[in-house]
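The values are calculated or read from the model by the stated rules, or taken from the named source; none is laboratory data. Keep in mind the model is a prediction, meaning the values are calculated, not measured. Cβ placement follows ideal geometry from the backbone for every residue including glycine, while neighbour counts extend to all protein chains displayed. Note: accessible area is taken over every heavy atom of the protein model, side chains too, but ligands, DNA and RNA are not part of it. Shrake-Rupley method; radii C 1.70, N 1.55, O 1.52, S 1.80 Å.
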Amino acid sequence: MDPAQFFAASRLVIVAGKGGVGKTTVSAALACAAARMGLSTLIIEVEGKSGLASLFGNEPLTYEEVTLAPGGGPDGAAEIRGRALTPDDALVEYLRDHGLSRISKRLVSSGALDVVATAAPGIKDILILGKVKQLERAGTADLLILDAPAAGHAITFLLSARGLLDAVRVGPINSQARDVLEMLTDHARCQVMLVTLPEETPVNELVDTAYHLEDRVGVALGPVVVNGLYPTLAGLDADPEAAAAAASTTLRAGEADALRAAADFRRHRIALQQEQVERLAAELPLPQLHLPYVFNADLGPPELDELASALLTAIDDLHESRR
Amino acid sequence: MNELDRLVREADIIVTAGSGGVGKTTTAAVLSLEGARAGRRAVVVTIDPAKRLADALGLEGLTNTPSKIEGPWPGELWAMMLDTKSTFDDLVVKHSADPAQAERILSNRFYKNISGALSGTQEYMAMEKLYELHSEGDFDLVVVDTPPTRHALDFLDAPRRLTRFLDHRLYRILMTPTRGLMKAANVAAQAFVRTLSKVVGAEVIDDAITFFTAFSGMEEGFKHRANTVFELLSSPSTAFVLVASPRRDTVEEADFFARRLSESGIAVRALIVNRMHPRFGEGLPEATRERARTLAGTDIGALYANLADFRLVAAREEEHLAGLTERVAPAPVVRVPLLRSDVHDLDGLAEVGTYLFDPAAA
């Protein structure tokens, strides 16, 4: 598929997955990929301290929008911005916009929001999603990437609109919930990309989450991102001693064992990962985008760039595999 | 005998804390299994909604009362999945003056929301369950898993935080009109409530008022209990074990928990790091990478490139752990390698156990 077409499918992409699968990294890589296609991108963080900003070498995000990557440069990439949405900030802004600024400060400073949120759970989620909807409608960026809460909470988060329609039958919260639900279920406006690792438990949970989101929220699911696949290397089957002799070099004492064990390890892990990838394909009929494991465990802008390239290649391949 | 060995043999309570996806639940199960193997009556309580412990223990589903797992050990092994809501229900019944009061609360919609969804309720109820299991005396060792969130240790602020909700100013604002006191002073408060009703709907506020009215009189019991639970948690017979993986972000989370515990005057007794990449030989990653470059295009070059990849990961993982290791010192750091497959049976738990309790043999 043409990446430009891929990113044009919906203005909002919600990235969701179980904790520890690299959801935030994938959100950042997606943003880089989209920016390279010339789309101005806004990354929205909702759970606080996800480390998203540090991937770009920035200070932690705040409610105020900041530039994470200015764009321009030789590849003519568009700008990437980021902000963190909190229910408190979203509420104050919402009330202010609706002529209720007098009550807003008191509601937040007294901590009353907690009580109200308890009275109708999902209010915090709807405040955030309502703000996202506003940004989406305003066309504040070509693409909005929402780094969703971790797995279990992601479902609750996205279900909040439906739940609130029942709990709060009139008033602004009700209409907010209605608007949010409309956005979530409009496949031309919003899609969810699920992220997993090629491992047993994360794959199981991803499959469950996928069906939940589709059946209960009615949201469109984009391709699944399988993160952390060890890249294959040709030549790992060779015997170290024979291979050294063939290249007219010698090995240090004990090195043959280390080389052999490391090669075995990679082959073995790749086989295990492959099994899980195939199982995922069998259990969930969604296209997959594969991202490589980054051996340099300190992710920064160069690694993000690498992942963005991998994503763009994988998106390109989506097209070919469908033909 | 290492520190973990000592803990499963001697501690009354072990609490595991860490971020999601690091194998915390599995670790809790392994600790309880080892307790049973050491002849103790052990129970593991998980609150992980992913039901991974159920997988690990080969159970089809857990309930709010422990179920026994039969096996070839001298002690006993029990497991349960915390049902936050029914634990809260039990607590309401226990503290209410009469069955009618309990019933009024349990059937209130606002209460149903609190007991199921109020942030912090899960953590609070986990500790409540822990206290109950410990004090009823059926178990020598209670291992409790915490939710995979940054708020997992919020119960340490007990009782301030646990009862914060009940002490709430809004609670008083909502309550005063029904008490009919100081009417004049409440004009502002009532205006506030009216505006609030406009935003969230009057039904929501009505539900809340009904709840607080029904709950009236039970706050003291709750506060007292919260204090008792906190005392138990900070006693020397309770051990906090941190679980992490060697990735930078999860190490940062573990570090956050370590600081959080130390602020409450509680020491970390052990740090368990799961999912470590193996180390292949002693060479440095840079030198290995250089070898790979020199020999690029040959099979031996590929073999070196692969070795360099894993040496780099292993070195990075150790770098990530260095600061945390220092922070939790003198608590031992126990490393568990990436396993061949996910743990979903007792053999799998036993395999992890060999890394935790017998590192030399592993």
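For this structure, a couple of remarks:
- In this calculation the C-beta distance from B:THR294 to B:GLU10 is compared with R0 = 35 Å, giving a FRET efficiency of 0.05.
- Its DSSP H runs of at least 4 residues, each contributing -39,500 (n - 2.57), put the calculated 222 nm mean residue ellipticity of the protein assembly as shown at -17000 deg cm²/dmol, to the nearest 500.
- Hydrodynamic radius of segment A:188-323 per Kirkwood, over alpha carbon pairs, in Å: 17.4
- Computed over chain A, Cα set: Rg, Dmax in Å: 22.4, 81
- Taking segment A:239-311 and dividing mean pair separation by its residue count, relative contact order in percent (alpha carbons under 8 Å, at least six apart): 20
- Relative contact order, percent, chain A [alpha-carbon distance under 8 Å, six or more residues apart]: 24
- Of A:LYS18/B:LYS24; B:LYS85/B:LYS129; B:LYS94/B:LYS223; B:LYS24/B:LYS68; B:LYS129/B:LYS223, pairs whose Cα-Cα distance is over 18 Å: B:LYS24/B:LYS68
- GNM top mover of A:ALA77, A:ALA282, A:ALA243 - chain A, alpha-carbon springs below 10 Å: A:ALA243
- Legend: calculated FRET efficiency, A:HIS187 to A:ALA4, from the Cβ-Cβ distance at R0 = 22 Å, rounded to 0.05, equals 0.75.
- Gyration tensor over alpha-carbon atoms, segment B:255-316, equivalent ellipsoid semi-axes in Å: 39, 10, 8
- Amide hydrogen proximity for B:VAL44: with H placed 1.01 Å from N in the peptide plane, the residues at 5 or more positions away or on another chain lying under 5 Å are B:TRP78, B:ALA79, B:MET80, B:VAL143.
- Computed from backbone phi with θ = phi - 60° and the Karplus coefficients 6.51, -1.76 and 1.60, the 3J(HN,Hα) list for segment B:15-29 is 10, 9, 9, x, 7, x, x, 9, x, 5, 5, 4, 4, 4, 5 Hz; x is used for glycine and proline.
- For B:GLY39, the residues 5 or more places off, or on other chains, whose built amide H falls under 5 Å of its own are B:GLY75.
- Share of alpha-carbon pairs per 5 Å distance bin for segment B:268-362, given as whole %: 3, 12, 17, 17, 16, 14, 10, 7, 3, 1
- Distance (nanometres) between label positions extended 7 Å along Cα→Cβ at A:ALA282 and B:GLU286: 4.7
- Per-residue 3J(HN,Hα) values for segment B:280-288, derived from phi via the Karplus relation 6.51 cos²θ - 1.76 cosθ + 1.60 with θ = phi - 60°, read 10, x, 9, x, 7, x, 5, 5, 5 Hz in sequence order (x marks Gly and Pro).
- Partners for A:LYS133 among aspartates and glutamates (Cα-Cα distance below 13 Å; same-chain residues under 8 apart left out): A:ASP125, A:ASP179, A:GLU182, A:ASP186
- When the P(r) of segment A:23-97 is calculated, the portion above 22 Å amounts to 26% of the C-alpha pairs.
- Rounded to 5, the percent of DSSP beta bridges in chain A classed as antiparallel: 10
- Karplus 3J(HN,Hα) series, Hz, for segment A:187-198 with 6.51 cos²θ - 1.76 cosθ + 1.60 (x for Gly, Pro): 5, 8, 10, 8, 9, 10, 10, 8, 10, 9, 9, x
- Computed on segment A:179-251, with alpha-carbon pairs under 8 angstrom and 6+ residues apart, the relative contact order is 33 percent.
- Rounded percent of accessible protein surface that carbon and sulfur make up, the protein assembly as shown, 1.4 Å probe: 52
- Within the listed set A:ARG252, A:ARG81, A:ARG279, the Gaussian network model of chain A (springs between alpha-carbon atoms below 10 Å) gives the highest mean-square fluctuation for A:ARG252.
- Summarising the amide proton neighbourhood of A:GLY71: residues at separation of 5 or more, or on other chains, whose placed amide H is nearer than 5 Å comprise A:ILE80.
- DSSP bridge orientation in the protein assembly as shown - percent antiparallel, rounded to nearest 5: 10
- Charge tally around B:ALA244: other residues with Cβ under 11 Å, Lys/Arg +1 each, Asp/Glu -1 each, net 0.
- Cross-link partners for A:LYS105 among the lysines, with Cα-Cα distance under 19 Å and sequence neighbours closer than 8 places in the same chain left out: A:LYS124, A:LYS131, B:LYS198.
- With a simple spin-label model that places each label point 7 Å from the Cα along the Cα-to-Cβ direction, the separation between A:TYR63 and A:ARG216 comes to 3.0 nm.
- Accessible area (Å², per residue) of the protein assembly as shown, counting only protein heavy atoms and a probe of 1.4 Å: 40
- Nitroxide proxy distance, nm - points 7 Å out along Cα→Cβ at B:ALA97 and B:VAL333: 5.7
- Interface B:A - total buried accessible surface [probe 1.4 Å, Å², rounded to 100]: 5400
- Rg over Rh for the protein assembly as shown works out to 0.99, using Cα positions for both radii and the Kirkwood form for Rh.
- Choice from A:LEU127, A:LEU135, A:LEU100 with maximal GNM fluctuation in chain A (Cα, 10 Å cutoff): A:LEU100
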